[in-house]
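To keep things clear, I will list the structure first and then write my remarks on it.
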């Protein structure tokens with residue numbers, strides 16, 4: 001694998017170089033101190049094209065985001081991983097189809113995960129190079145301390161408003177985001193169905209509408225069961241007709 005490190009800080013480049021050597025001494029590494037130099041290296045014929053570009057965001061002249069725009073115009077662009085001390089550019093970074101976003105100081109385990117994602121990405125692009133582009137899957141961007149994760153909507157089972165936050169539930173785990181439930185409903189109208197004033201469920205996960213008799217601590221009334229979850233979710237009377245219609249589709 002050929003990796004380009006673009007960072008104006010000598011110590012940052014040195015740390016990445018050391019971590020990469022620890023992960024795989026056979027990696028081919030190139031370095032650039034700013035965006036223009038990185039573009040020049042990417043445009044220079046080499047024995048092996050660059051597979052992954054590790055880009056700092058705050059660099060003099062052309063910053064990492066502008067550099068990523070230019071890289072995407074190349075005939076065979078490398079996978080992009082942003083490596084920065086600033087976590088406030090995560091949304092912009094993922095809109096540029098970055099495969100990962102690492103915050104400094106970079107840990108070896110996170111760097112290894114990022115390289116694995118980049119390798120899967122480049123393999124996928126090579127397989128699909130002659131195929132028509134597939135529609136991009138919608139995602140929710142989950143921001144947590146020190147990391148940002150893209151969660152495909154196809155994995156989300158329900159969204160529930162709780163106090164000032166919204167819980168995002170997948171089969172594997174729960175996340176917390178600060179988006180408003182009404183905004184999420186408006187943004188993804190074909191994916192989610194409102195079953196209660198504080199709950200949206202994924203239409204694809206709907207399995208059954210069941211009656212609750214009030215036992216087990218749940219209030220008496222109707223609820224929906226979702227694929228993969230044992231705990232049913234309450235349905236308000238106002239939403240009953242919409243739920244029945246969705247189950248009949």
Inset, instruction - Collect the residues in segment 232-249 that are outside any helix (DSSP H, G or I) and farther than 13 Å from residue 211 by Cα, keeping them in residue-number order. - result: 249
Legend entry - Within segment 210-231, tally of residues that are part of a strand (DSSP E or B), at pLDDT below 90 and touching a helix residue (DSSP H, G or I) at 6+ places or on another chain (Cβ under 9 Å): 1
Legend entry - So residue 48, is it in the same structural domain as residue 108 (by TED's automatic domain parsing) and without any contact (Cβ under 8 Å) to a residue 24 or more places away in the chain: no
Inset, instruction - Name every residue in segment 172-206 that is in contact with a strand residue (DSSP E or B) (Cβ under 9 Å, 6 or more places away or on another chain) and more than 21 Å from residue 243 (Cβ to Cβ), in order of residue number. - result: 174, 175, 176, 177, 178, 179, 180
Legend entry - Single residue of 89, 34, 58 found to be in contact with a strand residue (DSSP E or B) (Cβ under 8 Å, 6 or more places away or on another chain), at negative phi, modelled with pLDDT of 90 or more and assigned by TED's automatic domain parsing to the domain that holds residue 112: 34
Inset, instruction - Quick one: which strands (runs of 3 or more DSSP E) lie wholly within segment 127-178 and hold at least 2 residues that are at pLDDT below 85? - result: 139-144, 147-152
Inset, instruction - State the number of residues belonging to segment 111-126 that are buried (at least 18 other Cβ atoms within 10 Å of the Cβ) and at pLDDT 85 or above. - result: 4
Inset, instruction - Pull up segment 160-183, narrow it to residues that are in contact (Cβ under 8 Å) with a residue 24 or more places away in the chain and over 17 Å from the mean Cα position of the chain (by Cα), then point me to the one that is nearest to residue 226 (Cα to Cα). - result: 160
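Looking only at segment 184-200, decide whether some residue is touching a residue at least 24 places away in the same chain (Cβ under 8 Å), surrounded by fewer than 13 Cβ atoms within 10 Å (Cβ to Cβ) and in a strand (DSSP E or B). Break it down into steps so the answer makes sense when it comes.
Just the residues of segment 184-200 that are touching a residue at least 24 places away in the same chain (Cβ under 8 Å), to begin with: 184, 188, 191-200.
Checking the rest, the ones that are also surrounded by fewer than 13 Cβ atoms within 10 Å (Cβ to Cβ) come to 197.
Going one step further and asking which of them are in a strand (DSSP E or B), we end up with none.
No, segment 184-200 has no match at all.
The values are calculated or read from the model by the stated rules, or taken from the named source; none is laboratory data. A quick note: this is a predicted structure, and the numbers were derived from the prediction, not measured. Quick reminder, even Gly has a Cβ in these numbers, built from the backbone with ideal geometry, and neighbours come from all protein chains shown.
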